[in-house]
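Structure, as C-alpha cells:
The values are calculated or read from the model by the stated rules, or taken from the named source; none is laboratory data. These numbers come from a predicted model, not from an experiment. We place every Cβ from the backbone using ideal geometry, glycine too, and count neighbours over all the protein chains shown. Heavy atoms of the whole protein, side chains included, go into the accessibility calculation; ligands, DNA and RNA do not. Shrake-Rupley method; radii C 1.70, N 1.55, O 1.52, S 1.80 Å.
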Amino acid sequence: MIPAAFEYHRPKDLDGVLSLLTEHGDEARVMAGGHSLIPMMKLRMADVPHLIDLQDVAGLTGISHSDNTIRLGAMVTQHDIIGDAKLAERAPILREAALQIADPQVRYMGTVGGNVANGDPGNDMPGLMQCLDAVFTLVGPEGTRDVPARDFYEAAYMTAREDDEVLTAVTIPVPRGGYAYEKQKRKIGDYATAAAAVQIVKDGGTCTAASIAMTNLSDTPVYSDAAGAALIGTSLDDAARAAAVAAMLGDIDPTEDNRGPVAFKIHVAGVILNRAIERAWARA
Amino acid sequence: MKDDVENREDRVANLKGLGCSRKRVEDARFTQGKGNYVDDIKLDGMIFGDFVRSPYAHARIKSIDASAALEVPGVLAVLTAKDLEPLGLHWMPTLAGDKQMVLADGKVLFQGQEVAFVVAEDRYAAADGIELVEVDYEELPVIVDPFEALKSDVVLREDLVAEDGSLPDGAHGPRKHANHIFTWEAGDKDPTEEVIANAEVVAEESMYYHRTHPCPLETCGCVASMDKVNGKLTLWGTFQAPHAIRTVVSLISGIEEHNIRVISPDIGGGFGNKVGAYPGYVCSVVASIVTGKPVKWIEDRMDNLMTTAFARDYWMTGKISATKEGKITGLHCHVTADHGGFDACADPTKFPAGFMNICTGSYDIPTAYLAVDGVYTNKAPGGVSYRCSFRVTEAVYFIERMIEVLAIELNMDAAELRRVNFIRKEQFPYTAALGWEYDSGDYHTAWEKALKAVDYEGLRAEQAQRIADFKAGKTRSLMGIGLSFFTEIVGAGPVKNCDILGLGMFDSCEIRIHPTGSAIARLGTISQGQGHATTFAQILASEIGLPADSITIEEGDTDTAPYGLGTYGSRSTPVAGAATAMAGRKIRAKAQMIAAYLLEVHDNDVEFDVDRFVVKGAPERFKTMKEIAFAAYNQAIPGIEPGLEAVSYYDPPNMTYPFGAYVCVMDIDVDTGVTDIRRFYALDDCGTRINPMIIEGQVHGGLTEALAVAMGQEIAYDDMGNVKTGTLMDFFLPTAWEVPNYETDYTVTPSPHHPIGAKGVGESPHVGGVPAFSNAVHDAFRAFGLRHTNMPHDHWRIWRTAHELGLHA
Ligand SMILES: Cc1cc2nc3c(=O)[nH]c(=O)nc-3n(C[C@H](O)[C@H](O)[C@H](O)COP(=O)(O)OP(=O)(O)OC[C@H]3O[C@@H](n4cnc5c(N)ncnc54)[C@H](O)[C@@H]3O)c2cc1C
C-alpha cells in the first residue's frame, strides 16, 4: 500500500494552484482531505506525479449565509458541517447526511468539495446536492463558471469539471419544508447500499414541492424529477408514495457488488425512499 | 516483625492472586503507544523485502524478468524460486505435512501467491521495484469449488502426482483424486448409519461454514538478522509459537538451533493467523544471509487478508436421529474441507481436521460418525483456528445448528431439546462417541441459570406476539431468540496424541526468585493481547506467596524462555498455566525446607499460609516467603543448595472442556435485512477463574469476533479466484458502533486434572457466539418455514431469506 513517487505542492492561493495545473496538465491533481484520493494512490489506481494540496489555499473555507442561499467553501469538512449551528437550523439535511458519512476520523478530513468533485457514485454529497439543487462554482484558466449539481455528473469519476478547473464553492438555495437523508449501509464507514435525500414542502395537507435524489444506485447520483413530481399535489398517501417509488425505480440502474445483487438493491432503494418520504413529510 | 501478624484477608489481598480482578500490567505501555511491535524494530543498516504477487488464481509462469526492477534506485535484489532452489528453500514444509512454495515454482495456485521477493533499501523502492518485475503468466482453468475440484481433470498439484499418473499417499493416508488431500474418520460408520436408518425421527441438513480470516489488527511480519561474524541468526516476528518457529527454521535452513534466536515482541492480536510459517519469513532469512544485512518484511492489510492463513471453509452435511420424545440416538457428519492450494492447516499431526470430532457437542449421543475430506482448490492456503481450538468453531456450529433443525423436525422447543440431551453432571468424566473424554461439566445448572436470567418464557411470549402482529400487518420486524450451548476442547495437549511436526504439545515455566523476594518467570507461550503478564503472575502469587506485583512474566525470546509450543487453541492457561503452578510448587517445597531450618523445626512441622510458612499450632512463629527468599541466597543451610529456582515442563493428562450458555435476542427488519441485536447474554464456565476482569474482556472480544463472522465477515472469491473482500471496506471488522451490549455471567466447574482447576476462556465466546448469533437469525424465521440458510447473515442474505419465504409479497 505504497503510492508511486510524487511531487508535493502546497500553494497559498488559487492562482498558484491554477498555474501548477496548467504547468503539469494531467500529471497534476488537487488534493483536499485526501480521503478518497490517497487510498486510490496507495492502491496505485491513481497515478499523480504532482499532488497539489489545497489546505493552505485562501478563500476555500467557511460557510456563509445570505437571505436565500448558503455557500459552502470547497474545503469545508464534513465535521464542520456537523458542528455548525446555523447550518443545522437553516439546512438540517446537511447535518443529517454528514453524520451518516464514514466515521468521525474521516469526517475531520473529508471535504464538501472533494466529496462532490470526486465523482464516485458511492459519495453521499452529490445526491444530496442534487436534491438541494446546488450550484458548483468552478474556477479555471478561462475564468469562473457555475454548474448545477444536477448537470455535473456524467459517469463514474467523469464530471463536467475540466482537469484544470478547481471547484471552489457549493451554493444551495435555503431548503424549505421537511427533509430526510436515509441511508442503509453495512457498517460504520461504509458507502451506501442505498440512500435517499428528500426535501418536501407541505401546504395544508398537500405537497406543493418535492425533490428526490438517490445515491450509489447508478454510476452517477440520480436526481429523480419524476419521483418528486409524483408527490406534488397529493397528500402523500400510500398510492402517492408508491408512485414516487415506482418513478424513482425507473431512474436508477444499480449493479451487483458485495453489498448485494441488483434485485436486493432495487427493493431496498424503494424501502429507503419510502421511509425518507414519510420522515420528511412528518417534519414538513 | 514477628508480632505484626496482619490479618489474613489483607495478606491474601496483597498478593493479588487467583480470583483478583487485577488491572492488566501490559496496558500501561499499550495505552501510551509504548508497545514494541515487530514494525517498531529498527536496526542499523536494515533493508526491506516485499513480494511480487500473482494476480491470477491459477497460472503457469513462463518467465520472470526483473531487469527493470533492478534499475530502480535502492532496489538491491530480486529473489525468485530459481535463487532459492540451490538452497532447497523454494518450497517449505507446512504444519499439516504438506509442502508449500516459498516463491512460485513454475506455477501459481492462488491469487496473491508470492512470486518474487524484492529487496530494497526502503519500502518505497521495494514497492516501485515490485511494479516493474515482469512476469509472463499463462492462465490455467480456475477451481474455487471443492466439489468441482474432486470431479475435475484439472490437476492443481502436479507435484503430488507420480509420473505414471498414480497418486502416492499424502501425509494423512490414501488420496482419492489428484485434488484430494485426505479422508479422516472418527467414530463408527456402520452402527451410526444403522441407528439413523431405523430412527423414529431424523433431521438432515447441509451447511456451509464460509471462509473467513482472523484479521489481527497487526499484520504478520518479521525482521531477520544474520550475523555473519558469529554465525547467529536472530529472527523477530509475529510468531504465536516462537520455539516451534526456531525448530522449523533450523530444520529447513540447516542452521543449528543454538545459533538461532527467535523473538516474538509485542503482538497485536493473532487469533490463529500467526501460528504458521510464511514465505515472508523464509525470504527474509535468505535475504539477510545473502546481503548480510537485517531484512524487514511486513504485510499490508490486503496481503494479510488475501494470503496468510484463512479460517473455516467447511461444507458440512449432517444427519441427526432421535426418538419421538427428542432423545438423540445418533449423529452423522460429513465435511468437505476446502484447504486452498497447499495444505497449511495448523492442527496437531494426528488431527488433519483438528478436533472436529468434538461435534457431538454437549449432548449424550450414543453413536456417531464423522468423515472429513480435505480438498485442494485455487484459494489461499491456511485453515487455522480463528479464535478457537482446532476446528472447534466448525464443530460447535454444526451441532448447534443440527439441534435447531432437529427441534423443528420434532416440533419441539430448542431449549428443551438441549436440556433433555445434555450430558448429566454425574456422567463426567464422560467419554463421547467420537472418542474425547470430557473432564467435568454441569450443563443443566448453567442452562437453567441462563434461561432464567433472560426470562426465556417471557421472550418466547413476546416473540409469539410479534409473529401475530407481523401476520396482522402491524409490524415488519421479526424477533429471533438465538440459543447456543457449547463445549470447547482446549489445552492441546497430551503429548501422547498431540504434536505439531513431531513437537510434543507440552508447555513450560521457569521461575527465579530474587533474594529480596521478587521474581521472574518465563514461559514457552506468548501473549498476543491475552494478558499473560498479568494472569500468570497471579497464578504464581497464589502458589508461592509473593505479590503478583513483584513477579515479572517474560515470554517470547527463545534464548531465555524454556521450550514451549506457544499460544493458540486456548492452551496457555491449561498447559503453561499448569506448568507455572507446578513450578511454583517446586519453589514452595524448597521454601518449606528453608523455613523449617530457620524456625528450627522439622520440615513437616511447618505449613504454608498465604505468604509464609508457619509452625503448625503456633501461628506467631513464621517465616514470610520474602524472608525465605533472602535466606535461600544468603545463608548457608546444611544440605540445601543456595538459590531458589524451579522449572516445570507440563504434559497435560487430558484436554480441558470449558463450556457455556449463550442467548442472543435480535430484531430483524424483513424489508431491508437489517438486524439489531437487542440483547446478548453469555454465561461461561471456564473452571477456576484467575482474573474475572480479563475473562470479561476476553468474552467481549470473542463475542465481537463471533458477531463479525456470523453477520458479515467473509473471504469471498469470484469464479476466477479473485478475492472480493480484500480490504476492510468489504471485510467486516466490527467497531464499537456495531457491537451490542454484552451481559456476562458464569458458573464454576473446575477441571479435575488441572493443578488449579482452570480451563481456558479466550476462545469460548467465539465458539459459542457464532451459533448464538446465527441461531437468532434462523429462529426469527422459524415460524415462516426456514430450516437453514448459510452465514454470513449480512443484509442482502437475510433479505433473500425473507424474500424466498414470501415475506415481501
Ligand atoms: C473509510 C472511509 C469511509 C468513507 N465513507 C464515506 C461515506 O460513507 N460517504 C461518503 O460520501 N464518503 C465517504 N468517504 C469519503 C470521504 O467522505 C471523503 O472525504 C470524500 O469522498 C472526499 O473528500 P476529500 O476532501 O477527502 O477529497 P480528496 O480525496 O482530497 O479528493 C477526492 C477527489 O476530488 C478531487 N478534488 C478534491 N477537492 C477538489 C476541488 N476543490 N476541486 C476539484 N477537485 C477536487 C481530487 O483531485 C480527487 O480526485 C469515506 C472515506 C473513507 C476513507
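Assorted remarks:
- Listed residue pairs exceeding 22 Å between alpha carbons, taken from A:Lys42/A:Lys185; A:Lys185/A:Lys265; B:Lys176/B:Lys379; B:Lys107/B:Lys379: A:Lys42/A:Lys185
- Note: relative contact order over chain B, using C-alpha pairs below 8 Å and six or more positions apart, is 16 percent.
- Both numbers refer to the Cα atoms of chain B; Rg and Dmax are 27.8, 91 Å.
- Averaged over the residues of B:793-800, the number of partner chain Cβ atoms lying within 10 Å of the residue Cβ comes to 5.
- Radius, Kirkwood style, for chain A when every pair of distinct Cα atoms is counted (Å): 19.3 Å
- Peptide A:258-271 - average C-beta neighbours from other chains (10 Å radius): 5
- Relative to the longest principal axis of the Cα atoms of chain A, the long axis of helix A:238-251 makes an angle of roughly 30 degrees.
- Think of it as helices only: each DSSP H run of n ≥ 4 in the protein assembly as shown is worth -39500 (n - 2.57), and spread over all residues that comes to -9000 deg cm²/dmol at 222 nm.
- Computed over the alpha-carbon pairs of the protein assembly as shown, the distance histogram in 20 Å steps reads 12, 36, 36, 15, 2, 0 percent, short to long.
- Phi to ³J(HN,Hα) by Karplus 6.51 cos²θ - 1.76 cosθ + 1.60 over segment B:16-30, Hz, x for Gly, Pro: 6, x, 3, x, 8, 7, 5, 5, 5, 5, 5, 5, 4, 7, 5
- Extent along principal axes [Cα atoms of segment B:299-403; Å; largest to smallest]: 54, 22, 22
- Equivalent ellipsoid dimensions for segment A:178-283 as semi-axes, Å, which come from the Cα gyration tensor, largest first: 24, 13, 10
- Segment B:221-293: Cα Rg divided by the 2.2 N^0.38 Å rule of thumb: 1.03
- Potential extension, B:Arg585-B:Lys232 segment - 0.36 nm per residue separation minus Cα distance: 123.5 nm
- Karplus-derived HN-Hα couplings along segment A:61-77 (A = 6.51, B = -1.76, C = 1.60, θ = phi - 60°), whole Hz, x at Gly and Pro: 9, x, 10, 10, 10, 10, 3, 10, 9, 10, 10, 10, x, 4, 8, 5, 8
- Under 23 Å of direct C-alpha separation, and excluding same-chain neighbours fewer than eight residues apart, B:Lys759 reaches these lysines: B:Lys16, B:Lys23, B:Lys274, B:Lys350, B:Lys425, B:Lys449, B:Lys496, B:Lys586.
- All aspartates and glutamates inside 15 Å of B:Lys151 as judged from Cα atoms, apart from same-chain residues fewer than 8 positions distant: B:Asp338, B:Asp373
- Ranked by the mean number of other Cβ atoms within 10 Å per residue, highest first, peptides B:563-570, B:18-25, B:672-679, B:426-433 order as B:563-570, B:672-679, B:18-25, B:426-433.
- Sites B:Glu85 and B:Arg476, calculated FRET efficiency, Cβ-Cβ separation with R0 45 Å, nearest 0.05: 0.10
- Chains A and B together bury roughly 2100 Å² of accessible surface, counting both sides and using a 1.4 Å probe on protein heavy atoms.
- Ordering of B:305-313, A:39-47, A:74-82 by packing [mean C-beta count within 10 Å, highest first]: B:305-313, A:74-82, A:39-47
- Taking label points 7 Å from Cα along the Cα-to-Cβ direction, A:Ile38 and B:Leu167 give a separation of 5.1 nm.
- Protection proxy ranking, peptides B:578-589, A:159-170, average beta carbon neighbours within 10 Å, highest first: B:578-589, A:159-170
- Annotation: Cα Rg of segment B:223-348 relative to the compact-globule expectation 2.2 N^0.38 Å equals 1.50.
- Expressed as a whole percent, the accessible area of chain B that falls on carbon and sulfur atoms is 51 (1.4 Å probe).
- Charged side chains reduced to their Cβ positions (Lys and Arg at +1, Asp and Glu at -1) give segment A:63-173 a dipole of some 360 debye around its Cα centre.
- Taking every residue in B:618-624 and counting other chain Cβ atoms within 10 Å of its Cβ, the average works out to 0.
- Straight-distance crosslink candidates among aspartates and glutamates, where the alpha carbon sits under 19 Å from B:Lys474 and sequence neighbours closer than 8 are dropped: A:Asp237, A:Asp238, A:Glu278, B:Glu462, B:Asp667, B:Asp669, B:Asp671, B:Asp676
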